[in-house]
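Only one structure is covered here, and it is reproduced in the block below.
The values are calculated or read from the model by the stated rules, or taken from the named source; none is laboratory data. Keep in mind that this is a model prediction, so the values were computed, not measured. Don't worry about glycine lacking a Cβ; one is built from the backbone with ideal geometry, like all the others, and counts go over all protein chains shown. Note: accessible area is taken over every heavy atom of the protein model, side chains too, but ligands, DNA and RNA are not part of it. Shrake-Rupley method; radii C 1.70, N 1.55, O 1.52, S 1.80 Å.
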Amino acid sequence: MPKINNLRDVYIEQLKDLYSAESQLIKALPKMAKAATSTDLAQGFEDHLEQTKGHAERLEEIFEALDEKPTGKKCKAMEGLIKEGAEAIEEDASDEARDAMLIAAAQRVEHYEIAAYGTVKTYAKLLGEDDALELLEETLQEEVETDEKLTEAAESINVEAEEAEEEPTASSKR
Ligand code: FE
Ligand code: FE
């Protein structure tokens, strides 16, 4: 791999990391949607899957303008976050508790993305990459909105999980 010298190089490295993160999420979100019991939560994951495909496309557009390739880097942080989501899916849990764990995992993912897009936006601004800046801002907004929707979903689902703790349902013994 060539030496990373300047901010443009760092920018490209960070964008590659994000492209890997988004690509991994495109594979993980359908599994999270399938595992969710709440139809609202499942729909939320489905909706964010469509947005996430758009996030990957925006990054491809940015790479094309930079005349660079988005591939060649694996986002290990996203790999770990998705593993935690998979744990939530596999765990022996009540439907309500599993939904609460899925939300917990998903919010970690969104916050990771919010941090990463904030960073690359700062670089794009400094580098005068105005078109990229606009695309990155659009994605960042969708990540923030998704996080807010998850907070909203948690408000009812966490309460349901709280009640499930006292009265285990048959589904919790699967
Ligand atoms: Fe995203
Ligand atoms: Fe996201």
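The table that follows gives values for the structure above.
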| item | result |
| --- | --- |
| Residue check for K34: more than 23 Å from E142 (Cα to Cα) and of a type in the set (K, R) | no |
| Search result, residues across the stretch 25-43 that are buried (at least 20 other Cβ atoms within 10 Å of the Cβ) and within 27 Å of A132 (Cα to Cα) | L25, A28, L29 |
| Top-ranked residue of the stretch 36-81 - restricted to ones that are within 13 Å of ligand 1 (Cβ to nearest atom) and of a type in the set (A, V, I, L, M, F, W, C), ranked as farthest from I103 (Cα to Cα) | L59 |
| Residues (within 12 Å of ligand 1 (Cβ to nearest atom) and not aliphatic (A, V, I, L, M)) located in the stretch 114-160 | Y117, E138, T139, Q141, E142, E143, E145, T146, D147 |
| Given (1) open to solvent by 50 Å² or more (accessible area, probe 1.4 Å); (2) of a type in the set (V, I, T); (3) part of a helix (DSSP H, G or I); (4) under 17 Å from Q14 (Cβ atoms), number of the condition T71 does not satisfy | (3) |
| Close pairs from the stretch 141-159: first farther than 12 Å from I114 by Cα and in contact (Cβ under 8 Å) with a residue 40 or more places away in the chain, partner within 16 Å of ligand 2 (Cβ to nearest atom) and aliphatic (A, V, I, L, M), Cβ under 8 Å, at least 6 apart | L150/I103; L150/A106; A153/L41; A153/I103; A154/I103; I157/L41; I157/I103; N158/I103 |
| Set D9, D17: member being of a type in the set (D, E), open to solvent by 10 Å² or more (accessible area, probe 1.4 Å), farther than 23 Å from T151 by Cα and under 15 Å from the mean Cα position of the chain (by Cα) | D17 |
| Any chance D47 is more than 16 Å from I157 (Cα to Cα) and touching a Cys at 6+ places or on another chain (Cβ under 6 Å) | no |
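Yes/no matrix, rows are residues, columns are (1) open to solvent by less than 60 Å² (accessible area, probe 1.4 Å); (2) of a type in the set (S, T, N, Q); (3) within 16 Å of ligand 2 (Cβ to nearest atom):
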residue: L49; (1), (2), (3): yes, no, yes
residue: H55; (1), (2), (3): yes, no, yes
residue: I62; (1), (2), (3): yes, no, no
residue: K83; (1), (2), (3): no, no, no
residue: E90; (1), (2), (3): no, no, no
residue: A100; (1), (2), (3): yes, no, no
residue: E110; (1), (2), (3): yes, no, yes
residue: K121; (1), (2), (3): yes, no, yes
residue: E138; (1), (2), (3): no, no, yes
